[in-house]
Amino acid sequence: MTGAERQRVGVVGVGHVGRHHARILAQVPDVDLVSVVDIDRGRADQAASETGSRAGVDAMELLGNVDAVTVAVPTAVHARVVIPFLEAGIPVLVEKPIAASVAEADAMIRCADRAGTTLAVGHSERYNPAVTVAMPLVVAPRFVEVHRLAAFPARGLDVDVVFDVMIHDIDVLLTVVQAEPVSIEAVGVPVLTDRIDIANARLRFGDGCIANLTASRISRDRVRKLRFFQHHALVTVDCVTQQVEAFRVTRSADREPVIEGGGVSVPEGEPLELELSDFVSAVRTGRKPRVDGMAGRRALAVAQEIATAMLERNDQLRPPDTVAGEV
């Protein structure tokens, strides 16, 4: 595709997240949002009316009629929807988590590689301007503290909070820590649903860094904060207010240690808009997107390790079955 050509793009799934995909793509220069698809015809019609595109209920009708698609359907059907597009050589951006299992993620990555096409994953927090500004400031962190708290949602309940919420921070963490996790402790509690609604994980990495991640979807407050502690330095990120602070201690032989730093300038920007623009640019130029299939796979693999650790701990804490007739 040359830079002069307009890209024909389709959106598959226009629920809570997908309707924002459609809204943004309808306004991206050199992009024609040609169709929105959803198994709920009413949702598809509404999104099409709002964006001036066609409505459909069958994603496969887009094959041969689009140059790229974004997919925002339930995680359980990511692979089923995405793979036919990749096999046809059509670039795909799929919402996080990349798939329901690492095996499905691997199948998607293989398809993209064989077809020589783009597979991007919607870890939108990586595109948050505050995270983008902070990442070069984070060098060999020794301890990372993350809190991501949200109110109970009307969507995303097909997966545990680890895959719905915490996976954003897992992706960021794996980008700044240049080592693999060597041990994981985790606990999760199903509070309002039958799935895990609040979780805490403690990860130890091969370089000695320890990260403590808390994610909740039952909080009264909306909190998305990351703190990176490193040698004589601290970097804090508020993803909600898009603010970054960086402090460092300078030392010399002739004076007391001095703390320097403060707020860091952060440009304004909507993470999802920046993510979709990056995808469009990657498709047009043939370069890798900022968050590709392998990055999505890494985040999913660690999220699954956390989920397994939670399950094992919950089994250990579960009280023995009450004997019939025993008071």
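Please treat every number below as a calculation from the coordinates, not as lab data. From a predicted model like this one, the values you see are computed outputs, not experimental measurements. Glycine gets a Cβ as well: all are built from the backbone with ideal geometry, and neighbour counts include every protein chain shown.
What the table below lists for this structure:
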| read-out | value |
| --- | --- |
| Ranking of Glu260, Glu180, Glu268, Glu125 by count of other Cβ atoms within 10 Å, fewest first | Glu268, Glu260, Glu180, Glu125 |
| Expected 222 nm ellipticity per residue - DSSP helices of 4 or more, -39500 (n - 2.57), all of the chain, to 500 | -9500 deg cm²/dmol |
| Relative contact order (percent, whole number), region 1-104, Cα cutoff 8 Å, 6+ residue spacing | 26 |
| Exposure proxy order (Cβ contacts within 10 Å, fewest to most) of Ile90, Ile184 | Ile184, Ile90 |
| Shape category assigned to region 177-283 from the gyration tensor of Cα positions, a/c cut at 1.5 | oblate |
| Difference of contour (0.36 nm per residue) and Cα-Cα distance, Arg6 to Arg54 | 15.6 nm |
| Calculated FRET efficiency for the pair Asp40/Asp194, C-beta based, R₀ 35 Å, to 0.05 | 0.90 |
| Rel. contact order, % - alpha carbon contacts under 8 angstrom, at least six apart, the chain | 18 |
| Estimated vicinal HN-Hα couplings, Hz - region 76-83 in sequence order (Karplus 6.51, -1.76, 1.60; Gly, Pro = x) | 4, 10, 3, 4, 4, 7, 6, 4 |
